[in-house]
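Notes follow once the structure below has been shown.
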Amino acid sequence: MNIDVNFMIIVFIGVTASMIFSSIWYFPRIFGDEWMRLANVNPSVAQNVKRRMLITFFANFAVAMTLFTILNWAGASSTLTGAAVGIWIGSGIAGMSLLIPYLWEGRPIRLFLITAGNMILSIIIMCAVMAHLIGTFGTQAP
């Protein structure tokens, strides 16, 4: 199996952009403190992040590989077309899939807005960045 190096680099850059965004989103003064309070996350648990960040990276890598394939299928090769695909996937699939358990579990709507907002915007960012790079390098999904 021959995997295009550009594909791996583009996916890695998409994941990195998403993780940088999420790090800012969950910064304590932005949404981090409120998210921890609403989700009942103990601050001592949040301190031990190495393992969780590694798992998050690999989960985001799997998401980015899937998004890369969808971007190719959609013919998205610019920042704008990538963002448009990201809006549809982020809000239509990820956001709504996340809403259902929040409704049934009785979680606070504010917690949903913080979590889903991050997820939707992360997907939009990954799609926009990767589509721009697809357009630049002409890379196709393996």
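The values are calculated or read from the model by the stated rules, or taken from the named source; none is laboratory data. Quick caveat: nothing in here was measured; it's all calculated off a predicted structure. We place every Cβ from the backbone using ideal geometry, glycine too, and count neighbours over all the protein chains shown.
When the range 25-52 is filtered for residues that are free of Cβ contacts under 8 Å to residues at least 24 places away in the same chain and surrounded by 12 or more Cβ atoms within 10 Å (Cβ to Cβ), the ones remaining, listed by number, are PRO28, ILE30, GLY32, ASP33, MET36, ARG37, VAL41, ALA46. Checked against the criterion of being in a loop (DSSP other than H, G, I, E, B), buried (at least 16 other Cβ atoms within 10 Å of the Cβ) and touching a residue at least 40 places away in the same chain (Cβ under 8 Å), the range 120-131 contains not a single residue that satisfies it.
Residues in the range 65-81 that are farther than 18 Å from ASP4 by Cβ and of a type in the set (Val, Ile, Thr): THR79, THR81.
Among the conditions (1) over 23 Å from THR16 (Cβ atoms); (2) modelled with pLDDT under 95; (3) not aliphatic (A, V, I, L, M), the only one that PHE112 does not satisfy is (2). Considered as a group, the residues in the range 101-138 that are under 19 Å from the mean Cα position of the chain (by Cα) and polar (S, T, N, Q) include one that is farthest from ILE24 (Cα to Cα), and that residue is THR115.
Return a yes/no flag: does the range 72-92 have any residue that is of a type in the set (Val, Ile, Thr), exposed (fewer than 15 other Cβ atoms within 10 Å of the Cβ) and over 12 Å from the mean Cα position of the chain (by Cα).
Going residue by residue through the range 72-92, those that are of a type in the set (Val, Ile, Thr) are 79, 81, 85, 87, 89.
Next, from what is left, pick out any that are exposed (fewer than 15 other Cβ atoms within 10 Å of the Cβ): none.
Within the range 72-92 (the criterion being of a type in the set (Val, Ile, Thr), exposed (fewer than 15 other Cβ atoms within 10 Å of the Cβ) and over 12 Å from the mean Cα position of the chain (by Cα)), the answer is no, since none of the residues qualifies.
When ALA62 is tested against (1) under 23 Å from ASP4 (Cα atoms); (2) touching a residue at least 12 places away in the same chain (Cβ under 8 Å); (3) surrounded by fewer than 16 Cβ atoms within 10 Å (Cβ to Cβ); (4) not acidic (Asp, Glu), just one condition goes unmet, and that condition is (2).
The combined condition, being under 16 Å from the mean Cα position of the chain (by Cα), at pLDDT 95 or above and farther than 29 Å from ILE10 by Cα, is not fulfilled by PHE61.
Here GLU105 meets the list (1) in contact (Cβ under 8 Å) with a residue 12 or more places away in the chain; (2) farther than 30 Å from ILE134 by Cβ almost entirely, failing just condition (1).
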